[in-house]
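Structure first, commentary second.
The values are calculated or read from the model by the stated rules, or taken from the named source; none is laboratory data. From a predicted model like this one, the values you see are computed outputs, not experimental measurements. Every residue, glycine among them, receives a Cβ derived from its backbone with ideal geometry; neighbour counts consider all protein chains shown.
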């Protein structure tokens with residue numbers, strides 16, 4: 001087999017675990033019901049000159065979408081020290097802002113998207129909706145690209161910031177943070193909002209948005225587990241359900257403290 005056709009499995013992710021491969025300078029991923037919408041989004045980003053997302057290259061003979069491979073590192077356990085720094089956090093916020101500026105002119109009407117965002121957080125912008133640690137590509141410790149647009153759809157900048165800061169601060173009980181970010185939740189929450197340049201009106205809504213985002217995301221995982229998806233089932237039944245309950249309670253008890261951190 002020619003070297004350019006050798007398939008190398010890519011790590012990370014849950015929904016498509018074991019199904020995403022690199023072939024030369026391309027990535028092959030399963031098609032989905034929302035693929036047409038995602039491809040239109042990626043084509044828009046390419047057309048406006050945004051380099052922080054894969055390029056859609058077509059569909060291969062195995063009916064997999066073909067995307068450009070973006071060289072760099074993603075953040076998977078055990079988390080490297082550089083990925084936990086404030087500088088890395090700042091670069092994620094700036095990358096997300098750049099994406100929102102690039103996507104602002106994209107019209108999502110008439111396309112079928114994957115997972116509806118709560119209507120109160122839909123404001124005329126297609127958000128990524130899953131800027132998890134393993135969905136951001138870094139080079140030399142700086143975030144340069146977003147990958148895995150499977151959950152992208154009509155949302156808002158606020159919803160994306162809520163998603164990102166919930167995962168990157170992270171926003172959860174300190175006892176459930178087993179890395180250098182423990183004890184720095186409030187500082188990193190404020191820092192992310194500042195680095196993004198979040199508008200005052202959105203800062204006032206950010207804490208409520210993060211709590212809603214946690215419910216939205218964990219409901220997606222729970223439904224995946226209940227419908228038999230093996231990796232979602234494993235994740236949900238090996239601690240995620242209990243962590244979800246603890247985090248939901250934490251958001252309720254810490255809401256005032258979180259709001260104050262953003263002032």
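Got a number for residues in the range 113-131 being assigned to a loop (DSSP other than H, G, I, E, B) and either over 16 Å from the mean Cα position of the chain (by Cα) or at pLDDT below 95 (or both)?
The number of residues fulfilling the criteria is 6.
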#### Entry: Test set (1) surrounded by fewer than 14 Cβ atoms within 10 Å (Cβ to Cβ); (2) at negative phi - residue 46 fails condition number
(1)
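Please verify whether residue 142 is out of contact with any strand residue (DSSP E or B) (no Cβ under 7 Å at 6 or more places or on another chain), surrounded by 22 or more Cβ atoms within 10 Å (Cβ to Cβ) and either more than 21 Å from residue 19 (Cα to Cα) or at pLDDT 95 or above (or both), treating the condition exactly as stated.
So residue 142 fails the test.
Please list, ordered by residue number, the strands (runs of 3 or more DSSP E) wholly in the range 15-99 having 1 or more residues that are more than 28 Å from residue 141 (Cβ to Cβ) and either in contact with a strand residue (DSSP E or B) (Cβ under 9 Å, 6 or more places away or on another chain) or touching a residue at least 40 places away in the same chain (Cβ under 8 Å) (or both).
Answer list for the range 15-99: 26-30, 56-59, 64-68.
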## Note on the structure
(1) touching a helix residue (DSSP H, G or I) at 6+ places or on another chain (Cβ under 8 Å); (2) in a helix (DSSP H, G or I) all hold for residue 143 apart from (2)
